C-alpha cells in the first residue's frame, strides 16, 4: 500500500489545488484512524459473542484450517460453472468427514457453523446427509432400525449416502397432503413406493441428483385399502457400486437455482418400487407381518427438533448479517465521495448521516439477533434438560411443556423475521456499496442469492408467522380464562394493566430507559394480540369454523407476530447486555438502545395507534435515533472487528480488514478475468461493423474532427 | 393437459376418500375459472395501458417477431455461461440494427421497450451505444462535430462502436470529482488523456470489455496548468480492423456481475493517450488552437435528458412488476395447498387472505406506477414543447422552468421509490411462489438480479431521494416568502390550511373518497416538509453552512421525499383513472382505492403523528384494505391478462397463461438438465464411499433391517 500511497502523492504534486479534493485519500490510513477510536476491548467483545475465549480460539483454528485447505479456496468461486461447483463441493466431503470422525461433537458443530458462513452450499449438501437423512432416522427409526442403518454405513458414509425426500412438486408446506404412496403388499412382505401423479414427483431433493444412494421418503401409508397418513420409509435409490438407479427409480437434476448451486437438488419418481417391510421406520406407527397397523397413542413430540433448527437459523441470520455488515461498513470507512464545505478532502461515506442511518440500525439489529440466538440456545438446552429429568405427573412437566410450546411458537416468529431481517440487511449492504455492490466479486450479490432460500425452507416464513400469531391468539384467550402463561407471553396475563396504558415520564430523556421501551412493546403487543383475538372471535360469532376464522384474521395474526417478535428481540438483547460490565456494557448499551428506538420508529404506527407514545414522544425518539446512529458510528469499525472474521472468511475486497479495498478489488477482477485475445471479434463483431463498403474510411481519418471553421473563429474572438 | 387430467382421475379412483383432498386439481380448469370472472373488457384495459389499440397491435407484432427470431430464444438462458451469453447478446445487434434503420423512431422506441422486458442485458448493451454514447455526442458536440462522428459511422455502427466512460473505480456519483485528466498540449494541438491513479481507472464501462472502438471519456480539462473541470472527449480505444487496443489504452473485463451478464462491462486505463484537439466535444466549453479556453456563459441545462431517463425508469418499474406479478398471481390461481374445513379440495393460494395481502397491494402499486409513468410522459412532452416554443423573456418561460425544476425533482424521487418498489415486488413475488421461486427456471430470481442495478445507476436511489428532499425544503422556504410554486408542490402554498388539519368526516365510509385521501397525503407531506425545513433552519441557526445543514437533516429529507412520492403516485393514479369510464373505471377505482389505503396503512405512523387520521379511522382503513384485497383478488387474473404479455415474454412455466404450470415446469427442468451419465461418480464419490473395506457388505444385505425381534412381538400383541 505504501507504494500506492506514494504514487498518489507523486501524482498530486502535478495537480492544481482545485483538483486535490477529488483524490482518494489513502484507504489504509482511513481504516487505521477508525480502528484507533475503539473505546472498548475488541477481543473481549469477540469472546462474549463467541461464548468464551476457548471458542474464539477454536474458531480461529478452524478458519485457518479452511484457509489453508486448497479445496476450500474461494477466490474463483464466482466464475466457476455450476458443474464445477457441484464437483468441488462433493470433493469437500472427505475433509469434513475426517473431522466428524476425529473430534468431539461440540467442536464439530462449531466447525460446521464456521463452514456454513464460508460456503453455505457445501454446508447444506453435507447437512442433507448428516442433518436431514440421519435426523429422519433418529426421529422415526426404532433403536434396532437405527443400529441397522448405522452399521450399514449411514454414520460413516461407507457405501451409503442419504437424502431426504419430503417435498413434492405439488406439495411443500402441506406434509399431510403428500401424494406419494407406500402400499403394503402382504404376500411379499414389502411396501410398494409409488408416485401416482406428476405433482407427486419428489422435488427439490438435495443430494438426489448426484450424491445419494438412499433416501428417507415420506409417503402415505396404505394398508388393506386404508390410508394411515404420511410416514417415513427408507428407499434405496442407486447401486453404490455403479450409481445406476435402482429399478423403478427415475431421478433427474433440478438444475440451476438462485444460489447454493453446489447442492445437487433433484427430482425423484418412484414407479412401483418394492422395499422390505422393515424399511418403514417404525418408532411411532408399526405395521406387522400380517398388515396390522399399530398407531402411537400420543402424537409424537417434534417440538424439540424443530425448535433447535429455528434457533440455529436465528444464529445463522446473525452470522450472515455480520459478514454483510463487515463488508459494507469497512467499505464505508474508506470510501470517500464529495467533500463537505470546509474540507478539501472528500468525506468518508460513514461520516454522512444518511449512511449512518442506512447501516447503524442494521448493525444494532445484528447484535440483537446474535444475543437472542445465544439466549435462546441457553434456554433451549435448559428446557430440554428439564424435560429429560421430568417424569410423567411431575408438576414441573406441565410448566416445561407450556414453556416448550411457547418457545416453539416464538421461535417460529423469530425464524421468519430474523431470516427476513438478514436478507434485507444483505441487500441494504449491497446497495450501500453503490455500483461495486453489483459486482460478483464484492460478495454481497452471491450472499443474497445463497441466503434467500432461508426465507422459504424449514417452514415458509409467512406460514410460520401465522403459526406464531395463532399461538398468540390462543394464549390471549387462555389468559382471559385465567390461565397462567409461560414467561415469553406472560404480558398477556397483565392485560388489565397494559391495555390503554400511556407512557408517562417526567422527562423525555426517560424514554431511553430500557424498562420503558420493554413496557411499550408489551403494551403495543397486548393491544394487537387483543385486536387479533377479537377479530377471530367476531368471525366465530358469525358462524365460521375456527380454522376458517383464523384464516380470515391472518393479516392481524401476522402483525401480532411481527410486533411480538421485535419486542422479544429487544427484550432478549437487553437481558443479554445486562450480564455484561464495564466498557463493553457502555458500547452495547448504545447499540441496544439504538435497536430499541429504531424498531419503535419503524413501527411508530402501532405505538401511536394505541397511544402508548404521544406524537411528541415519537418525534423525540426519531431525533434520538439519529443521534445514536452517530454514537454507534464512532465504534462501527471496532464493532465489526469484534466479529473476528478473517479476510478469507469475508472473501470480499471491499471488506478487507486493512482497508486496502481498491488494490484488492482490482487484483481480484484482473485475476478472475485475465486479458487476452478477443473471444468473438472475427466471428461476430467484424462482420457487423464492416457490413458496408470501407472505401472512404481512410480519407475521413485524415480530416480533423469537423471543427476547423468554428475553431478559427473562436481563436480570433478570444485573443 | 387433458391427458394429465385423465391420468389424475385414473389415479384418484384407486384412492380412499381421505386421500382425495391431497390431490392437485386440474390447474387449467382452475385458471379458466378465474378468467371467467372478468367483470370488464380485458382487451380495453390493454389498450388503455398500452396507449391505444394501434400500440397494442404493434407490441404484439414485435413480441411475435422476437419469439420467432432464433437469436432471441429464451428457454436456455439460465444455463448458458457468461461467455456464451455475451456472445449471443452481441449477435442480437444486427437484428435490432436492421429495425433501427428501417422503421420510424416511435416504433423503434416501442420495440426497445418490448426488448427491454425480454432481455434487459441486451437492451442495456445496445443502449450503451445508442443511448449513452450517441446521447453524449448529442449533448456535448457542436453540430459540426456531431456530423463528423455520424459520418464516421456512429449512427450506422459502421466501423465504430461507442461506449461511455464516466464512472471511475473511486468515483461514481461525484462527477466533478473524477480524476482522469485531459491535458492540452499546444505544441501538437492534442489532448493527453491520462489515468493518474488506480482509483482513476474507468470502471463499469458497459461495452468496453469487448464491443467498443471509441469512447466518450469524461476527464478534467487541464490547460496551461489550470483545471477547468470535467469535460467530455472522444477517445479511440481499438483498431476497428483488429480490435487491438490503441497505444496507451489498457482495457480489462469487469467480469461476473449480479445480473445482466450479457453486457461486457470493462475497466479502462489511459496512459498518456494523445487525441486531436477536435476530439474534445465543444458544444459548451471550447479550447482554441492556442489554448484559450472559452467557458459557456450559462450552466448547460441537462434537466431534460435526465428527466426523460427517470420517467423511463418509472415505466420500466411498472413493466417489470407486470411480469413478476403475472408469474406470482397466475401461479397462485392454480397452486393449491391445504384444504379449508368444509372442502375436500385444496384451497388456491389466491383464496387465502394472507396471499391476497401479499400480492394485491403490489398489483395495485404496479398500476399506480404505470399510470404515473404514462401521465408523466405526457406532461414531459407538453413541457418540452412549451420550452421549445418559448422565447427568452416570455412570461411562460419562467413558469415552464419552474415546472421543469419541480418535475426534475419529483422524478428523482419517483425513480428512486419506483425502482425500489419494483425490486421489492419481484422479491415478494418470488417468495410467494414458495420453493419454486428459488429455481432459476421460474424466472423471478434472474429478474431480481437483472433489475437490482436500477436502484444504483442513473443516480443512486438514496442520493436521488436526498435531492428530492432538498428541493422540497427549498420550495417550502420559497413558499414562506410568498412565491407561487409549481402544481406538483402547490400544496406547500396552502400550509395555513394544511398544517394541523384533521380529517373530519361524518361517516367512516367517507374516508374512501379519493379527495379525502389526496388531502390526507397533502397534510402529511406539508407537515413532514415543514419539519425537515425547520430542522434545516435550526442547523443554519447553529452556524452550519447550508450544505452541511442539509446533510444533517438528510433522514428528514429522505422521509419527506418518500411521503411526497407516494402521495404523488396516488394522485397521478387517481387522475389517470378519472379519464376512464364504465366497467374499466369500476375495476380501476377498486385498484386505486386499494393503493391509496394500503399506502396509508404502510405509513400509518405519519398519518397518526400529524393527527390527520385518528386511531379509529386508521383501524377502519386497515379493515377496508383487507376487504379491498378480496375485491381486487376476484379480478386478479383478468387484470394480469390485461398486461398482454405472451408466454414467451414471461418465460416462466409458473406464469403460463393456460395455467398448466406443473407440466411446463417439469418439461423445462428436464430439457435444461437431460438425464445422463453420472458426471463425477468414478472420480470423486466412489473413492469416498468405498474408502473402507467392503468385505462384509454382502452379508449385511441379506439381513432384514434390524427389525425381526420387535416385529414378531408386535404381531402377537395385535392379532
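Summary of computed values
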| read-out | value |
| --- | --- |
| Peptide B:434-445, shielding by other chains (average Cβ, 10 Å cutoff) | 6 |
| By average C-beta atoms within 10 angstrom, highest first, the peptides A:608-617, A:253-262 | A:253-262, A:608-617 |
| For A:670, B:286, order by how many other beta-carbon atoms lie within 10 Å, fewest first | A:670, B:286 |
| Global geometry of the stretch B:57-125, whether rounded, prolate or oblate, following the gyration tensor of its Cα atoms and the 1.5 cut on a/c | prolate |
| Cβ-based exposure ranking for B:316, A:575, in which fewest neighbours within 10 Å come first | A:575, B:316 |
| Extension gain, residue A:94 back to residue A:57 (0.36 nm per residue minus Cα-Cα distance, nm) | 10.9 nm |
| Order by protection proxy (mean Cβ within 10 Å, highest first), peptides A:138-151, B:475-488 | A:138-151, B:475-488 |
| On Cα atoms only, tilt of A:615-634 relative to the major axis of chain A in degrees | 70 degrees |
| Antiparallel DSSP beta bridges within the protein assembly as shown, as percent of all bridges there, nearest 5 | 80 percent |
| Antiparallel content of DSSP bridges confined to chain B, in %, to 5 | 80 percent |
| Rounded, prolate or oblate (a/c below 1.5 giving rounded, otherwise prolate when a/b exceeds b/c) for the stretch B:439-585 by Cα gyration tensor | oblate |
| Inter-copy spacing of residue B:105 label points, which lie 7 Å from Cα along Cα→Cβ, given in nm from shortest upward | 7.4 |
| Using alpha-carbon coordinates, inclination of helix A:661-672 to the longest axis of chain A, degrees | 70 degrees |
| Segments B:345-357, A:391-403 sorted - mean Cβ within 10 Å per residue, highest first | B:345-357, A:391-403 |
| Percentage relative contact order, chain B, counting C-alpha pairs under 8 Å, at least six apart | 15 percent |
| Label point 7 Å beyond Cα along the C-beta direction, distances from residue A:547 to other copies (nm, shortest first) | 6.5 |
| Residue exposure sequence - A:80, A:268, A:134 - by fewest surrounding Cβ within 10 Å | A:80, A:134, A:268 |
| Peptide-level mean, for B:653-666, of C-beta atoms on other protein chains within 10 Å | 2 |
| Normalised convex hull volume, the protein assembly as shown, alpha-carbon set, Å³ per residue | 188 Å³ |
| 222 nm mean residue ellipticity, helices alone, for the protein assembly as shown (DSSP H n ≥ 4; -39,500 (n - 2.57); rounded to 500) | -18000 deg cm²/dmol |
| The stretch B:365-506, relative contact order in percent, only Cα pairs under 8 angstrom and at least six apart counted | 22 percent |
| Rounded, prolate or oblate (a/c below 1.5 giving rounded, otherwise prolate when a/b exceeds b/c) for the stretch B:165-313 by Cα gyration tensor | oblate |
| Neighbouring partner chain Cβ atoms per residue of A:208-216, average, 10 Å criterion | 2 |
| Cα long-axis angle, helix A:461-480 against chain A (0 to 90 degrees, to the nearest 10) | 60 degrees |
| Convex hull projection area averaged over all views, the stretch B:221-276, Cα basis, nm² | 5.8 nm² |
| Label 7 Å beyond Cα on the Cβ vector: residue A:68 copy-to-copy distances, nm | 6.6 |
| Rg/Rg_ref, the stretch A:547-597, where Rg_ref = 2.2 N^0.38 Å and atoms are Cα | 1.67 |
| Cβ-Cβ FRET estimate between residue B:513 and residue B:76, R0 fixed at 60 Å, reported to 0.05 | 0.70 |
| Overall dimensions of chain A as given by Cα atoms, namely Rg and Dmax in Å | 30.2, 112 |
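Quick note: the coordinates plus some simple rules give every number you see, no bench work behind them. Please read all numbers here as calculations on a predicted model, not as lab measurements. With ideal geometry, Cβ positions are generated from the backbone for all residues, glycine too; neighbour counts draw on all protein chains shown.
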